[in-house]
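Here is the structure we will look at, set down as structure tokens.
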Amino acid sequence: MAGGSLFQVGEDVEFWRVLVQLNILAFCLVLLESGLHRLEHKFPPSEKYQHMLKKAYRELMVLGLISLGLKIIKEIPDIDSYSKTMLAFQVADLTIFLLALALILQSITVFLLLRNQNDRAERAELITTQDLVNSLNRTKGSDDSVPSFFKTLFCCGRAAKQQSNMRELIELRLIRRLFLHRFGLPQLFPFSKYLSRAQANQIAHMIEVEPSMWIVLLIVAWSICGVLEVLKQLDHDMPESHELVESFMMFAWVLLLLHIMVFLYFRSCVHHLLHSAAFSKNKATLTANLTAIAEEEANAWQNEEADRALEVMSCIQEHHEELEFQRRRNKNIAAKQVKNHGDRADNEKRHDSFSGVMPGSPTVDIRSFSHKGWHVGVMLLLILNGFLITLFVQCAFYDMDDIYEDFGTLPAVMVPLPLVINLLFLQRRIFYDFVVVSNTLSINSHTLSDVVENFSEVVRLR
């Protein structure tokens, strides 16, 4: 402690000098607390934002406790306060805090980028299918098909943007109809609110690192260390800091490749849903299908009232809560019965009966899709990206000037580029498509309960 102790005020440091610094820190503390208090009031009244704030406060508290323990350890005479081990401990402590902060900022970024898509989902809720049919009939183009996703992905033209938005509205409308038919819900069911609530319910998993996730993160960190040792053997002249940046960059680009693969898979899942929902790339066929759906909706709207719709929603909600209870009760029994092929067949039938899908609804069978498995996979991708962002801040950012001077602009940009692409472009699409696919194939009883409760309040206040 630079020859002094924190617990010997009056001998190692004057009391008045401590009071001067205490006044400064107390003033800064009051300003910080007032700023955080205002920030809490400015945050939207949503559970996901409140959960983020609680997570940030908890990490700050843990960091403070660890720092207190570190200061106490430094008071032990036999401990070298300036050894590399103590420095490494402080770096690791800071890594945990920066990871939590990176995950919080990353999740906020994802939800902010999803606002436009959620707004379009609400628009798809407000308009009718007949409005989409009329828009399609007014559309003039050289080809007779709806523009493909790859044609409009990187196109910034106004016409292409409008066509892309139109396609997304059609997709959302068709997926909404598929969802309502699968689970017998009325036309008044707020599907966009259901998707929004499903997104919000995922926020805890986006910023919480489970023990199994920590194992994966530590394996990745040790793998980077292993690659670093290999690079040392291959090139003895390169500085160790440059080799660390190079090994870090390799893993960052591998993570980008994984993001792209998962992104393409979920796009194929969405296309599979759309195929089951009567989507077609041929404009004439799509218009005919939408016209038939518009007539079906018009007949349903004539005979549907808010009170009756709420009653149906409540019945379906209770039904799915009962199914959820039965699934949990029979989980252990079903696991014991999987001993032979016949038992597996019975188990599959029981699983189908617990799905809540209405008889006669379109069959949707997406290969290699498991809600639990892909939930873990998507959350792992998000956490890995946050972990690499943390390592970039601690291990590579300080060396960017030297890399720029030694190798030029392109290598310096190539280091953080994959993490930026993941954060700003791929993660929101992966997260959104995962929520759409998983919550269209099956209903989450807690999410459904929140939506039905909100709808009942609206009906009561009208």
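The values are calculated or read from the model by the stated rules, or taken from the named source; none is laboratory data. These figures come from a predicted structure and were not determined experimentally. Virtual Cβ from ideal backbone geometry, glycine too; neighbours counted across all protein chains shown.
Identify the residue in the range 54-104 that is among the aromatic types (Phe, Trp, Tyr) and closer than 21 Å to Leu32 by Cβ and, among all such residues, is modelled with the highest pLDDT. Can you show your working first?
Pass one, the range 54-104, residues among the aromatic types (Phe, Trp, Tyr): 57, 82, 89, 97.
Add one more test, that the residue is closer than 21 Å to Leu32 by Cβ, and what stays is 57, 97.
Working: Tyr57: 78, Phe97: 84.
It comes out as Phe97.
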Handout entry: Selection within the range 190-210 - within 16 Å of the chain's Cα centre (by Cα) and among the charged types (D, E, K, R)
Key = Arg197, Glu208, Glu210
Handout entry: Residue under evaluation Thr109, criteria (1) more than 30 Å from Thr287 (Cβ to Cβ); (2) at pLDDT below 85; (3) not in a loop (DSSP other than H, G, I, E, B), criterion not met
Key = (2)
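Quick one: would you say Leu286 is buried (at least 19 other Cβ atoms within 10 Å of the Cβ) and more than 21 Å from Arg429 (Cα to Cα)?
Values: buried (at least 19 other Cβ atoms within 10 Å of the Cβ): yes; more than 21 Å from Arg429 (Cα to Cα): yes.
The answer is yes for Leu286.
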Fill in the blank from the handout: Per the list (1) farther than 21 Å from Ile127 by Cα; (2) touching a helix residue (DSSP H, G or I) at 6+ places or on another chain (Cβ under 8 Å); (3) surrounded by fewer than 15 Cβ atoms within 10 Å (Cβ to Cβ), residue check on His320 breaks on (3)
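Test Leu172 against the stated conditions and say whether it is in a helix (DSSP H, G or I), closer than 20 Å to Leu274 by Cβ and over 17 Å from the mean Cα position of the chain (by Cα). Break it down stepwise before answering.
Values: in a helix (DSSP H, G or I): yes; closer than 20 Å to Leu274 by Cβ: yes; over 17 Å from the mean Cα position of the chain (by Cα): yes.
Judged against the criteria, Leu172 is a match.
Just to be sure before I move on: is Leu94 of a type outside the set (Phe, Trp, Tyr), over 30 Å from Asn165 (Cα atoms) and part of a helix (DSSP H, G or I) in the structure I sent?
Numbers: of a type outside the set (Phe, Trp, Tyr): yes; over 30 Å from Asn165 (Cα atoms): yes; part of a helix (DSSP H, G or I): yes.
It is true that Leu94 is of a type outside the set (Phe, Trp, Tyr), over 30 Å from Asn165 (Cα atoms) and part of a helix (DSSP H, G or I).
Is there a residue being under 17 Å from the mean Cα position of the chain (by Cα), surrounded by fewer than 15 Cβ atoms within 10 Å (Cβ to Cβ) and either under 30 Å from Ala88 (Cα atoms) or basic (Lys, Arg) (or both) anywhere in the range 383-394?
Within the range 383-394, not a single residue is under 17 Å from the mean Cα position of the chain (by Cα), surrounded by fewer than 15 Cβ atoms within 10 Å (Cβ to Cβ) and either under 30 Å from Ala88 (Cα atoms) or basic (Lys, Arg) (or both).
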Exercise for the section: Would you be able to say whether some residue in the range 102-120 is among the basic types (Lys, Arg) and surrounded by 11 or more Cβ atoms within 10 Å (Cβ to Cβ)? Expected result: yes
Problem - Number of positions in the range 220-261 that are surrounded by 12 or more Cβ atoms within 10 Å (Cβ to Cβ), at pLDDT below 90 and of a type in the set (A, V, I, L, M, F, W, C) - result: 1
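Phe425: under 15 Å from the mean Cα position of the chain (by Cα) and surrounded by 20 or more Cβ atoms within 10 Å (Cβ to Cβ), yes or no? Write out each step before concluding.
Numbers: under 15 Å from the mean Cα position of the chain (by Cα): yes; surrounded by 20 or more Cβ atoms within 10 Å (Cβ to Cβ): no.
No: the conditions fail for Phe425.
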Completion exercise
Of Val459, Val393, Val415, the only residue that is touching a residue at least 40 places away in the same chain (Cβ under 8 Å), within 30 Å of Arg308 (Cα to Cα) and of a type in the set (A, V, I, L, M) is Val459
Completion exercise
Only unsatisfied item for Gln187, checking (1) more than 22 Å from the chain's Cα centre (by Cα); (2) within 30 Å of Leu174 (Cα to Cα); (3) assigned to a helix (DSSP H, G or I), is (3)
Handout entry: Cross-chain or 6+ apart pairs with Cβ under 7 Å, the range 300-315 first and under 14 Å from Pro190 (Cα atoms), then hydroxyl-bearing (Ser, Thr, Tyr)
Key = Leu310/Ser456
Fill in the blank from the handout: Taking the range 56-93 and keeping residues surrounded by 11 or more Cβ atoms within 10 Å (Cβ to Cβ) and among the basic types (Lys, Arg) leaves Arg58, Lys71, Lys74
